[in-house]
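Undergrad: Take a look at this one; I'll ask things after.
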Amino acid sequence: SSMALAGYAWAGCGKCPGDAAKAEAGAAIAKAGEVKAECAAAAGEAKAGCMAKAGCMDKAEGAPCAMACDAKCKDLAVVNTQGLAALIESKAVAVVLDARSGKFDDGRRIPGAKSLTDAATAEEAATLIPAKNSLVVAYCGGPKCPAAGKLAAHLKGLGYTNVIVYPGGIAGWAAAGKTVEEPAK
């Protein structure tokens, strides 16, 4: 049974440049449930008509819900732990990508995730992502790790239209008690 995703995914705070594109990128999640189209500002952290650089915070994870006003993450929609878990449990067709590389990649993965970095060629991306309009979720180490945002922006630049970021990363996923695939020993 599919679970409504209302309150678990955001398309932007509505005040930053590019929020229309964020809403469009979040349209794939709207098919599986409802998308919350405006950020829930935590503790009234709005500054100068836009969220602080850290973004409005997902109270459950302390992770940026929209990475609002961060130029390298502009035009990206995000999903939190509950939303990603609901997406995975619903068996929706989505490509989950771990953006970590080098010493930051410990081999642990959200179940079903594949590894891809922002250095990937168009051909490498195409081997993992079946179509330009496929739902893609990128994550990395956690809220302070920039790799997921960089991968998402790279994929958008390659023409992928439904890319979202899970800013909680593997740290947030594990901290929530979700299943983590361990590397083969």
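Undergrad: Could you list, in sequence order, all residues of region 126-152 that are farther than 21 Å from ILE170 by Cα and part of a helix (DSSP H, G or I)?
TA: The answer is ALA126, THR127.
Undergrad: Now for a separate question. Restricting the first residue to region 103-114 and requiring it to be at negative phi and charged (D, E, K, R), which pairs with a second residue that is open to solvent by 70 Å² or more (accessible area, probe 1.4 Å) and in a loop (DSSP other than H, G, I, E, B) meet a Cβ separation below 9 Å and a spacing of at least six or different chains?
TA: Close Cβ pairs (under 9 Å, with a partner that is open to solvent by 70 Å² or more (accessible area, probe 1.4 Å) and in a loop (DSSP other than H, G, I, E, B)) amount to ARG108/GLU182; ARG109/GLU182.
Undergrad: Oh, and also: Would you confirm, using the coordinates I've provided, whether ALA174 is open to solvent by 20 Å² or more (accessible area, probe 1.4 Å), of a type outside the set (D, E, K, R), part of a helix (DSSP H, G or I) and in contact (Cβ under 8 Å) with a residue 40 or more places away in the chain?
TA: yes
Undergrad: Being on the phi < 0 side of the Ramachandran plot, of a type in the set (Lys, Arg), open to solvent by 30 Å² or more (accessible area, probe 1.4 Å) and in a loop (DSSP other than H, G, I, E, B) is the requirement here; does LYS91 meet it?
TA: no
Undergrad: Within region 106-124, count every residue that is open to solvent by 20 Å² or more (accessible area, probe 1.4 Å), part of a loop (DSSP other than H, G, I, E, B), in contact with a helix residue (DSSP H, G or I) (Cβ under 9 Å, 6 or more places away or on another chain) and not β-branched (Val, Ile, Thr). First the steps, then the outcome.
TA: Filtering region 106-124 down to residues open to solvent by 20 Å² or more (accessible area, probe 1.4 Å) leaves 106-109, 111-112, 114-115, 117-119, 121-124.
Checking the rest, the ones that are also part of a loop (DSSP other than H, G, I, E, B) come to 106-108, 111-112, 117-119, 121.
Applying the additional criterion that residues be in contact with a helix residue (DSSP H, G or I) (Cβ under 9 Å, 6 or more places away or on another chain) yields 106, 108, 111-112, 117-119.
Checking which are not β-branched (Val, Ile, Thr) leaves us with 106, 108, 111-112, 118-119.
Within region 106-124, residues that are open to solvent by 20 Å² or more (accessible area, probe 1.4 Å), part of a loop (DSSP other than H, G, I, E, B), in contact with a helix residue (DSSP H, G or I) (Cβ under 9 Å, 6 or more places away or on another chain) and not β-branched (Val, Ile, Thr) number 6.
Undergrad: For region 153-168, name all the residues that are free of Cβ contacts under 8 Å to residues at least 60 places away in the same chain, surrounded by 14 or more Cβ atoms within 10 Å (Cβ to Cβ) and either assigned to a loop (DSSP other than H, G, I, E, B) or small (Gly, Ala, Ser) (or both).
TA: LEU158, TYR160
The values are calculated or read from the model by the stated rules, or taken from the named source; none is laboratory data. Nothing here was measured: the structure is a model prediction, and the numbers come from that model. All Cβ positions, glycine included, derive from the backbone under ideal geometry; neighbour counts span all protein chains shown. The protein model used for the area step is the full one, side chains on, heavy atoms only, and it has no ligands, DNA or RNA in it. Shrake-Rupley method; radii C 1.70, N 1.55, O 1.52, S 1.80 Å.
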